[in-house]
Amino acid sequence: MAALRSVLEGVGCADVQAYLQSGNAVVSWDRPPAALEEAVRAALEDGHLARAPVMVRTATEVDRVVAGNPWADEHLPPKLLHGVFLAHAADPVRVAALDHAALAPERLAVGERVAYLYYADGVQRSRLGAVDVGGGEATARNWNTVLALQRLASGAE
């Protein structure tokens, strides 16, 4: 996380708050999110650091992800619920073709540049990993992490 902090500060971010060893950080940035994604990708390449998906979301977007949880009223175990952040909107054709009954008891729902996955029996035995809703690069975070990032970001935008 020290390397991530260094990269973020090096591209001009302020108030860098790393979250655990998760590859997540909350920062202050005064330009568009796409510019931060581009700057971080370039810095990672220039520094010959590990290639990883770079997803930037504003605090407002994280709030929308949390508010959009289709199963919020069910209080599912947060370690089994994941938000999958997508680089682009999911492909509506792929989403429409999903066989939800075949995935049961697992669940999948799609929001704006996010997929919600519920791994009823845990991630290790899941069939959800083979599902591709489009949306380009993706990175998943369990719901505890999503909520922690929301709390960190609440005053950072």
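None of Val26, Val11, Val65 is more than 22 Å from Ala138 (Cα to Cα), at pLDDT 90 or above and of a type in the set (A, V, I, L, M, F, W, C) except Val11. If you check Ala35, Ala90, Ala101 for being in the same structural domain as Asp132 (by TED's automatic domain parsing) and either on the phi > 0 side of the Ramachandran plot or without any contact (Cβ under 8 Å) to a residue 12 or more places away in the chain (or both), only one passes: Ala101.
Report whether or not Gly134 is under 21 Å from Pro33 (Cβ atoms), in a loop (DSSP other than H, G, I, E, B) and touching a residue at least 40 places away in the same chain (Cβ under 8 Å). Judged against the criteria, Gly134 is a match. Taking the range 60-80 as the range and being under 24 Å from Cys13 (Cα atoms) and surrounded by 16 or more Cβ atoms within 10 Å (Cβ to Cβ) as the test, the residues that pass are Glu61, Val62, Val65. In the range 109-132, the qualifying residues are those that are β-branched (Val, Ile, Thr) and buried (at least 20 other Cβ atoms within 10 Å of the Cβ), and the one that is nearest to Ala25 (Cα to Cα) is Val114.
Residue-level check: of (1) under 26 Å from Val26 (Cβ atoms); (2) within 18 Å of the chain's Cα centre (by Cα), Leu76 misses just (2). Consider the range 14-23 and keep the residues that are over 20 Å from Ala140 (Cβ atoms) and in contact (Cβ under 8 Å) with a residue 24 or more places away in the chain. The one that is surrounded by the most Cβ atoms within 10 Å (Cβ to Cβ) is Gln17.
Condition check ((1) touching a helix residue (DSSP H, G or I) at 6+ places or on another chain (Cβ under 7 Å); (2) farther than 21 Å from Tyr19 by Cα) across all residues:
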residue	(1), (2)
Asn69	no, yes
Tyr118	no, yes
Val123	no, yes
Gly129	no, yes
Arg141	no, no
Gln150	yes, no
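The values are calculated or read from the model by the stated rules, or taken from the named source; none is laboratory data. Just so we're clear, the structure is a prediction, and the values are computed from it rather than from any experiment. We place every Cβ from the backbone using ideal geometry, glycine too, and count neighbours over all the protein chains shown.
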